[in-house]
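Okay, so here's the structure we're looking at.
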Amino acid sequence: TQHLLGIKDLTKEDISLFLDTATQFKEVLQRPVKKVPSLRDVTIVNLFYENSTRTRISFELAEKRLSADTINFTASGSSVAKGETLLDTVNNILSMKVDMVVMRHSASGAPHFLAQHVPAAIINAGDGVNEHPTQGLLDAFSIREKLGKLAGVKVAIIGDIMHSRVAMSNIYLLKKMGAEVTVCGPPTLIPKYIREVFNVNVSYNVEEALNWCDVANVLRIQLERQNQVLFSSLREYNLSYGISRKLLDRLKKEVVIMHPGPINRGVELDSDVADSGHSIILQQVENGVAVRMAVLYLLSNRNN
Ligand code: CP
């Protein structure tokens, strides 16, 4: 069984195949009839142990556009509250003839654990601070769509790098595809080893990073994953690292602004930037459906 557990495991060719297939599905999604029969009689469970708006809806819509049957499971309101384990939960769902599992979990490695223990294709929809591979793919798709390429593109990932699975999947993917990456944020939110291990540049100055890059992928401060205070206040974060119209106006060039969502407006990104012509944030969300259709289609046994 094939899985999508992380970008770390993919080759450059795998990534190109996902992105090229997503381009074809994006064309399908522009038609008056958006639905194709590719996954008819395939049953998919969306298993969400952690909150989500975009990823959950995007997967469900991708599944419906492919004519799959879908079930949505959220841990809250389920028998998880009565003590049922992850493995028991999934085995019970699979016994009802479910073929594929899309899973979000707060524990890093949870989808890898499942992949070793159940006979279904597992797709990681975000695991703890580890990876969010479909977000990495949709971000790359959106950059390639906007700038026509990935190789040589300069991407600054700005914000809470330490707690971000989006940063991890973006770094793996962009480096494999020949893009240049700078991570930028307060020193307390950037792992010390990141430069050596991932071959990325590090900047603690947001204006410097913005002057360097073609694309800024701006991340939320993930207070829910921080077990200690890593900077003094959100107000201070906004003053030092927040991206404002005034800051963008000082640059000598255009920068494409991205954000995986949800945005904390007025913290990492001001509204007049998030909603400006520089921003491709809603295009990212739109592209997520085509990218997830490509992932589901390629990992199903219907494409061979
Ligand atoms: N980008 C993203 O993962 O958003 P959600 O948490 O709303 O799914």
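How high is the relative contact order of segment 133-282, in percent, with contacts defined as C-alpha pairs under 8 Å that are six or more residues apart? Computed value for segment 133-282: 23 percent relative contact order.
Considering only N124, N217, N199, the Gaussian network model of the chain with Cα springs below 10 Å gives its largest mean-square fluctuation to N199. Could you pull out which residues in segment 266-291 have an amide N less than 16 Å from a spot 7 Å beyond the Cα of L223, following the Cα-Cβ vector? Zone members listed by number: 266-269. Residue order for D270, D249, D20, D139, fewest other beta carbons within 10 angstrom first, comes to D249, D20, D270, D139.
If you look for lysine pairs in segment 101-198 that are eight or more places apart or on different chains, how many of them have Cα atoms under 20 Å apart?
Working: K146/K154; K146/K175; K146/K176; K149/K175; K149/K176; K154/K175; K154/K176; K175/K192.
Pairs that pass both the separation and distance tests number 8.
Highest GNM mean-square fluctuation among G288, G148, G242, for the chain modelled with Cα contacts below 10 Å: G148.
Filter the trypsin sites (Lys or Arg not before Pro) in segment 224-299 down to the DSSP loop ones having no more than 16 other Cβ atoms within 10 Å, then list what survives. Walk me through the numbers on the way to the answer.
Working: sites: R225, R235, R245, K246, R250, K252, K253, R265, R292; in loops: K252, K253.
Counting only loop positions with at most 16 other Cβ atoms within 10 Å, the trypsin sites (Lys or Arg not before Pro) in segment 224-299 are K252, K253.
Quick one: go through segment 141-176 and flag any residue whose amide nitrogen is under 15 Å from the point 7 Å out along the Cα-to-Cβ line of E286. Residues passing the 15 Å test: 141-147. Using only the Cα atoms of the chain, build the gyration tensor, take square roots of its eigenvalues as a ≥ b ≥ c, and label the shape rounded, prolate or oblate: rounded if a/c is under 1.5, else prolate if a/b is larger than b/c, else oblate. Prolate. Summarising the amide proton neighbourhood of L4: residues at separation of 5 or more, or on other chains, whose placed amide H is nearer than 5 Å comprise I122, I123, N124. Relative contact order of the chain, taken over Cα pairs closer than 8 Å and 6 or more residues apart, is 21 percent.
The dipole here belongs to the chain: it is taken about the Cα centre, uses +1 on the Cβ of Lys and Arg and -1 on the Cβ of Asp and Glu, and is about 380 debye.
Restricting to DSSP loop positions (anything but H, G, I, E, B) with no more than 15 other Cβ atoms inside 10 Å of their own Cβ, which trypsin sites (Lys or Arg not before Pro) remain in segment 35-120? Each step should come with its number before you reach the end.
On the way: sites: K35, R40, R54, R56, K64, R65, K82, K97, R104; in loops: K35, R40, K97.
Qualifying residues, ordered by number: K35, R40, K97.
Just to confirm the filter: which GluC sites (Glu not before Pro) across segment 1-96 are DSSP coil and have at most 15 other Cβ within 10 angstrom of their Cβ? Numbers along the way, then the final one.
On the way: sites: E13, E27, E50, E60, E63, E84; in loops: E50, E84.
Those satisfying the criteria are E84.
Extension gain for the segment D272 to R40, taken as residue separation times 0.36 nm less the Cα-Cα distance, is 79.2 nm to one decimal.
Suppose we keep just the DSSP beta bridges with both residues in the chain; what percent of those would be antiparallel, to 5? Given both bridge residues lie in the chain, the antiparallel proportion sits at roughly 5 percent.
Springs join every pair of Cα atoms under 10 Å in this Gaussian network model of the chain, and among F198, F25, F59 the largest mean-square fluctuation is at F198.
Only the coordinates and a few stated rules stand behind these numbers; no lab work does. Computed from a predicted structure; not experimentally measured. Here the Cβ is made from the backbone with ideal geometry for all residues, glycine too, and neighbour counts use every protein chain on show.
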